[in-house]
Amino acid sequence: MSNELHPVQTTNTFADVLLPLALPKPYTYFIPEEMLADVRFGQRVEVQLGKQKRYSGIVINLHNNQPEAYAPRPILSIVDQAPIINQQQLKLWNWMSRYYCCTLGEVMNAALPAHLKLASETKVTLGPLFDEHADTLNDKEYMIAEALRHQEELTIGDLQKILQQQSVHAIVNRMIDKRILYLREEMSLRYKPKTIQYVRLQEPYATNPDIMEEAFELTARSHKQTDMLMHFIQLTRQEKAVRKQELVQKSGGDYSVLKALEKKKILESFEQEISRIAGYEDDLAETPELSEQQIQALAEIREAFVDTEEQPAQTTLLHGVTGSGKTRVYIELMQDAIDKGEQVLYLLPEIALTTQIISRLEKIFGDKITVYHSRLNNNERVELWHKVAQGIPILLGPRSSLFLPFNNLKLVIVDEEHDASYKQQDPAPRYQGRDTAIYLAHLANARVLLGTATPSMESYHNAKKGKYKLVEMPERFGGIQMPEIKIADLRQEAVARQANIHFSSMLLEHMQAALDKGEQIILFQNRRGYAPNIRCMSCGWTQECVHCDVSLTYHKFQKNLLCHYCGYRTQVPKKCPACEGAHLELQGFGTEKIEDDLKIYFPQVQIGRMDLDTVRSKNAHSRIINDFEERRLDILVGTQMVTKGLDFENVGLVGVLSADQLLQFPDFRSTERAFQLMVQVSGRAGRKKKQGTVVIQALNPVHPVLDDVLANNYKGFYKREIAERQSFGYPPFARLIRIQLKHRKPDVVNEGAKLYAHLLSKRLKNRVNGPAIPYISRVRGQYILDILIKLERNPKVIAAAKQIILETNDLIQGEKGFSTLRINVNVDL
């Protein structure tokens, strides 16, 4: 295997290069003399790490300080002429790595689109001993050698295609041993601009159309060439540029005819780079008139946004009931910003929210609005990254949009600010999108508006304390009444019917009445699949995942049992593997079963389902929304996707099938999230011209949270919940940090967690709780233990605790036997 020699250090100018890896700090490389004038902050450069691996890193500092701990290697090449990040982004990355207890490289890895991160691709070249060993090669080895005789080098992927098999490493290793092949690591630039091939006239015809008769004389002997040239002239009258593919198709010819015209120097082909990001081409719509309530809210928000010596601009919380017209307020504020040439970031918790809002905003702003989300492919993400750096006016997207290279960001809107989807769980950085947005706005000197019908406890507490400005919109737009909410007592009905039921009589009656009036229905059940459990009624056996401590969910459509944590699947057993009994029963119900059962109750209606299983493809979510909006569906069954920001004018009834499931989840936020979900889904009813109805099914109909939902009483809910949080020392009165330890061996995680808790307790005293077994104690073969740290709201104590956690991580992983223990730090649960 060849060893590449690096040039001797000839300069004393160094660059700190950040790599997209979980390394404790950036590495320092020296800048070769020929690159001194070209290396700048924010550029990507190619560097070597380890013996052979090459990465693209980002230059984050230039200096003249030689590292003492190691001899620096050279920068191998400059990838970009212009920087791809700015100083504001690096400040945000640094803050996130400190605040969320992770490395700067992990933040970089999350921030950059995949195709802006170069990777080492293994390439092979033919060695000098090929001719000596040619007779000893088998057929596959000979095919590889022959291919390399015609092409200087090939990737492992190329070899897989040549041999038409996935596993080629054994063959490659044999050829390396014989010194027929050599390995080489080379950087691969993954992003390629999208190009389209066009056709145009060559000179002199391009600048002198009067002599086109001469061109037709050259094609007189070929009808196909004459037809293609005629079609070309017709297309130039309709379009600015003529696509090669379109010309060939419309003329009825083929590419050989076009080639003949190129040889005759009449036409020529050329490539043009185009954007992958689709533009808006329809007519723009006028914005509807503002209501008195919206005018008042705008006045209060604009007042809060004024930055004076006495009072700096305040983060503002807009608390407006569902259907109050918050989006119309956002539109006015966005228009204010773009009229001044400023950039706007409009954050939504997830892609599920964007379909209708994109459509609504595009009709107002047209091409000024661009959407960033997880369904974009990697090339589209890179293009959008560059568009943001160039100054696109409005960017709409989820939490990952915070990482984009804004250059004049002046307004940040966080819609549905309460939503749990703003919190990243895995991998690091485990950041809260709402809080990070506020810090980004601080760096950019931008205004922040948080909007929701059900504020998070933290945001409302900050507003009540005066840290945020509170603006309220308590009435629905157009004087429409809030929906009538009814509670169906499932326990009483189950006793009367002597069976477990999914649909109460009350719900079925209201569904029939709504359908009779031609109204649509939304049913909410926060569990996908058909049934969450399969149980043997003889011995009590249940089918559990082999990798996780959870039962497998039955999916009828796929006809198998599936783990929702690791993806493990297995067939449904015909008999109990424990006692060989044949009495196996599906228990519980998910969205699939609801959809199935509804076909029995209402065989004539069209039913749709919206959950993770039905919206996996790029446009599936939009298709379901459009079908419901255009009334091709009568009933929509869904998980929490149906609770978020959707606006359907014909929905007369919303049903919550199991309120208890939401309220009984073992988490200190369960009542808050249950209240938010039920209020949000209730808000889908009666949005346009009439009052809607909501039926909530519960086994415990007297739960205090249900009383608050019934009365749409957020303030009453907040008052009771905040008192409990204060009494037990939970956020917003304390800060929580969870340390999660994982390992494939239970002994290792048990001993590691005990030692970790002991080391922490010595310095943080009684602020440390655990280790404890979590609700799900094994996922993907990894055993899990949790340590919870509860800190008082003192910035010095919190900063010191985070430093102690990082030091403890290093201590534990330096201990013998614990180097493979995974430690995940989750700040602000």
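The values are calculated or read from the model by the stated rules, or taken from the named source; none is laboratory data. Keep in mind it's a predicted model, so treat the numbers as computed, not measured. All Cβ positions, glycine included, derive from the backbone under ideal geometry; neighbour counts span all protein chains shown. Only protein heavy atoms, including side chains, enter the accessible area calculation; ligands, DNA and RNA are left aside. Shrake-Rupley method; radii C 1.70, N 1.55, O 1.52, S 1.80 Å.
What are the residues whose amide H is under 5 Å from the amide H of Leu154, where those residues sit 5 or more places off or on another chain and H is modelled from the backbone?
Here the answer is Val124, since their amide H atoms fall under 5 Å of that of Leu154.
Taking H placed 1.01 Å from N in the peptide plane, check which residues at least 5 places from Asn560 or on another chain put their amide H under 5 Å from its amide H.
His555
Stretched out fully, how many nm does the piece from Gln151 to Ile776 gain, at 0.36 nm a residue minus the Cα gap? Each step should come with its number before you reach the end.
Values: separation 625, 0.36 × 625 = 225.00 nm, distance 5.33 nm.
Result for the pair: 219.7 nm of gain on full extension.
Between beta-carbons, use under 12 Å as the cut-off and find the net charge around Val779, counting Lys and Arg +1, Asp and Glu -1.
+3
Which is farthest toward the positive dipole end of the chain among Thr639, Gln151, Pro209, measuring Cα position about the Cα centre, with Cβ charges +1 (Lys, Arg) and -1 (Asp, Glu)?
Of the options given, the answer is Thr639.
Please compute the Cα-Cα pair-distance distribution of segment 1-108 with 10 Å bins starting at 0, giving whole percents from short to long.
Going out from 0 Å in 10 Å bins, segment 1-108 shows 14, 47, 32, 7, 0 percent.
Starting from the amide H of Gly692, placed 1.01 Å from N in the peptide plane, find each other amide H under 5 Å away whose residue is 5 or more places distant or on another chain.
Glu484, Gly686
Tell me the per residue accessible area of segment 770-829 using a 1.4 Å probe; a whole number in Å² is fine.
For segment 770-829, the per-residue accessible area is 52 Å².
At a 1.4 Å probe, what is the % contribution of carbon and sulfur to the accessible area of the chain?
Heavy-atom surface of the chain belonging to carbon and sulfur, 1.4 Å probe: 47 percent.
Run lengths n ≥ 4 of DSSP H only: what is the helix-derived mean residue ellipticity at 222 nm for the chain, with -39500 (n - 2.57) per run over all residues, to the nearest 500?
Helix contribution divided over all residues of the chain: -10500 deg cm²/dmol.
What does the charge add up to near Val605, with Lys and Arg as +1, Asp and Glu as -1, over the other residues with Cβ less than 15 Å from its Cβ?
On the way: positive: Lys517, Lys599, Arg609, Arg631, Arg632; negative: Asp516, Glu519, Glu595, Asp596, Asp597, Asp627, Asp634.
My count for the surroundings of Val605 gives -2.
Express the accessible area of segment 606-743 per residue in Å², computed with a 1.4 Å probe while the remaining protein chains stay in the model. Please list the in-between numbers first.
Values: 5230 Å² over 138 residues.
In whole numbers, segment 606-743 has 38 Å² accessible per residue.
Place a +1 charge on the Cβ of each Lys and Arg in segment 485-638 and a -1 charge on the Cβ of each Asp and Glu, then give the dipole magnitude about the Cα centre in debye, rounded to the nearest 20.
Working: 20 positive and 19 negative charges, 80 e Å.
Taking the Cα centre of segment 485-638 as origin, the dipole is about 380 debye.
Can you work out ³J(HN,Hα) from phi for every residue in segment 65-81, in order, using Karplus 6.51 cos²θ - 1.76 cosθ + 1.60 and θ = phi - 60°, giving whole Hz and x for Gly and Pro?
Coupling constants for segment 65-81: 9, 5, x, 8, 7, 7, 7, x, 8, x, 5, 7, 6, 9, 7, 10, 7 Hz.
Using the structure shown, select from Lys363/Lys423; Lys326/Lys599; Lys467/Lys790; Lys363/Lys387 the pairs with a Cα to Cα distance greater than 25 angstrom.
Lys363/Lys423; Lys326/Lys599
Taking C-beta distances below 4.7 angstrom as the pairing criterion, name the unpartnered cysteines of the chain, in sequence order.
Here Cys101, Cys102, Cys566 come out as lacking a disulfide-compatible partner, given the Cβ-Cβ threshold of under 4.7 Å.
Please list 3J(HN,Hα) in residue order for segment 18-29, calculated via the Karplus relation 6.51 cos²θ - 1.76 cosθ + 1.60 where θ = phi - 60°; whole Hz, with x for glycine and proline.
Result, rounded to whole Hz: 8, 10, x, 9, 7, 9, x, 7, x, 9, 9, 10.
Put a dot 7 Å past each Cα toward the Cβ at Asn750 and Asp667; how far apart are the dots in nm?
The two pseudo-label positions are separated by 2.9 nm.
Calculated FRET efficiency, Asp367 and Gln311, Cβ-Cβ r, R0 30 Å, to nearest 0.05?
0.25
Per residue, what volume in Å³ does the convex hull of the Cα atoms of segment 289-329 enclose?
68 Å³
Going by alpha carbons, how many degrees (0 to 90, nearest 10) lie between the helix axis of 87-99 and the longest principal axis of the chain?
Between helix and principal axis, roughly 50 degrees.
What are the ³J(HN,Hα) couplings of segment 777-790, residue after residue, when phi is run through the Karplus curve with 6.51, -1.76, 1.60 and θ = phi - 60°? Round to Hz, x for glycine and proline.
9, 8, 9, 6, x, 9, 7, 10, 9, 10, 10, 10, 10, 10
Select from segment 745-826 those chymotrypsin sites (Phe, Trp or Tyr not before Pro) which occupy a DSSP coil region and have at most 14 other Cβ atoms within 10 Å, ordered by residue number.
Answer by residue number: Tyr775.
Compare the Cα positions of Thr370, Ile338, Thr322 along the charge dipole of segment 315-379 (+1 at Cβ of Lys, Arg; -1 at Cβ of Asp, Glu; about the Cα centre) and return the one farthest towards the positive end.
Ranked along the dipole, the leading option is Thr322.
Could you do me a favour and compute the accessible area per residue for segment 374-488, 1.4 Å probe, result in Å²? Kindly include the intermediate steps, with their values, before the conclusion.
On the way: 3880 Å² over 115 residues.
Result: 34 Å² of accessible area for each residue.
Highest mean first, how do 620-630, 288-298 rank when packing is the count of other Cβ atoms within 10 Å averaged over residues?
Numbers: 620-630: 17.2, 288-298: 15.6.
The most tightly packed comes first, giving 620-630, 288-298.
Would segment 317-463 count as rounded, prolate or oblate if I go by the C-alpha gyration tensor, calling it rounded below 1.5 in a/c and otherwise prolate when a/b exceeds b/c, oblate otherwise? Could you put the intermediate results ahead of the total?
Working: a/c = 1.37, a/b = 1.14, b/c = 1.21.
In terms of gyration-tensor shape, rounded.
Report the charge-dipole magnitude of segment 618-771 in Debye, nearest 20, computed about the Cα centre from +1 at each Lys and Arg Cβ and -1 at each Asp and Glu Cβ.
The calculation lands at about 820 debye.
At a 1.4 Å probe radius, which order do Thr219, Thr570 fall into by accessible area, largest first?
Heavy-atom accessible area, descending, gives Thr570, Thr219.
Could you tally the net charge around Arg328, taking each other residue with its Cβ under 10 Å from the Cβ of Arg328, Lys/Arg +1 and Asp/Glu -1?
0
Quick one: helix 292-305 against the long Cα principal axis of the chain, what's the angle to the nearest 10°, folded into 0 to 90?
60 degrees
If you line up the long axis of helix 378-390 against the longest principal axis of the chain, both from Cα atoms, how many degrees apart are they, to the nearest 10?
90 degrees
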